[in-house]
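Structure, as structure tokens:
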Amino acid sequence: MDLDLRKLRYFVAVADKLHFGRAADELHIAQPVLSRQIRALEKDLGTPLLTRDSHGVSLTDAGRQLLTDAGPLLASAHAARRRVTAAARGSRRLMVGFRAGVAVAPAVQLFAARHPDVPVDVRRIEWDDQAPMLLDGRIDVGYVRMPIDETGLRVAPLYAEPRVAVLPTGHRLAGKEEATEADLAGEPLVWHADTSTQPTRHPHPDAGYPARGVDETLEHVAAGRGISFLARSATVFYSHPDVTYVPVPDLAPDQVCLAVAASRNSPVVDDFFTAAQAAAGITAECGNYEMWQRGGEAAAKHG
């Protein structure tokens, strides 16, 4: 049995809304048509996916599992369409996504030596669009920061980066050479996701101001709404007159990885993967953290 992607998209819309009428409006189809398609999908799979009663619509266990699996499947199909369209136009470009504080230039320079005919575009990504942009083909390769949902991805570690505490300039620890996790325990935390993903072993209450990127983080901290933790590269790439950085040596390091969709089979993508790993290896070999901050001088020298 082949899974019908159109029916799968219809199911995801209903599962997200838990309402057939609203899902039908979003899909621009009639509600009876949507209901028939969902029943046909349930027949194809041989199991109920949704429970419909006077209280509304809810997912069965099978429905919850299908919703989990549907995202990567639909994103992979969308990415395939993007690649086919690009191939039909004769374009041969590589789109590389990167998180704040990650310098892509060293790998781009090494890659260009082997593929001078393949332009490399770069695009800034945030924590919440790392996996989606890889899965749906908006980026071919991504420099990501953990944690990330690795479902449908191939992820390889590149390097670990020490973290610093981000503090308002009036903070009691501002100006210190370093601090410990215990020094900061209990402080409200401005964080980019669920606070369970915070890199410290000591508890921090949620400050209630989720920050999507570094700029938002700095603004919230500067306003005195809480503290935060960032990779050490933030001290080079980002500054704010009302924010100071203090190293926290015993804080869990930030892990930078390279990621690509597991369904993506491309020699060009594989070659960029190799170049990125080589560039990261040069950084470690030179023992020079500032190498990748400066944009790849050492990589060019070693290339």
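Observations, loosely collected:
- Residue count for the stretch 88-113 satisfying the condition of being at pLDDT 90 or above and either of a type in the set (D, E, K, R) or part of a helix (DSSP H, G or I) (or both): 10.
- Pairs linking a residue in the stretch 222-242 that is free of Cβ contacts under 8 Å to residues at least 40 places away in the same chain and closer than 19 Å to E187 by Cα to a residue that is of a type in the set (A, V, I, L, M) and surrounded by 14 or more Cβ atoms within 10 Å (Cβ to Cβ), with Cβ atoms under 9 Å and 6 or more positions apart or on different chains, are R225/V190; R225/A207; G226/L189; G226/V190; G226/A207.
- If you go through the stretch 114-129 and pick out every residue that is closer than 30 Å to T217 by Cα and modelled with pLDDT of 90 or more, you end up with 6.
- Some residue of the stretch 280-288 being more than 28 Å from L134 (Cα to Cα), in a loop (DSSP other than H, G, I, E, B) and either at pLDDT below 90 or in the same structural domain as R124 (by TED's automatic domain parsing) (or both): yes
- Figure legend. Inter-residue proximity from the stretch 5-25: first residues assigned to a loop (DSSP other than H, G, I, E, B), second residues loosely packed, with under 15 Cβ neighbours inside 10 Å, beta-carbon distance below 9 Å, spacing 6+ or different chains. Indicated pairs: L18/G56; L18/S58; H19/G56.
- Unmet requirement for S239, which otherwise passes all of (1) out of contact with any Asp or Glu (no Cβ under 9 Å at 6 or more places or on another chain); (2) more than 25 Å from V104 (Cβ to Cβ); (3) in a loop (DSSP other than H, G, I, E, B): (2)
- Among the residues listed as R154, R201, the single one being farther than 19 Å from V243 by Cα, under 16 Å from the mean Cα position of the chain (by Cα) and not β-branched (V, I, T): R154
- Screening the stretch 246-279 for residues that are β-branched (V, I, T) and in contact with a helix residue (DSSP H, G or I) (Cβ under 7 Å, 6 or more places away or on another chain) and picking the one that is farthest from H115 (Cα to Cα) gives V248.
The values are calculated or read from the model by the stated rules, or taken from the named source; none is laboratory data. All figures in this text were calculated on a predicted structure; none of them were measured in a lab. Note: ideal-geometry Cβ built from the backbone for every residue, glycine included; neighbour counts use all protein chains shown.
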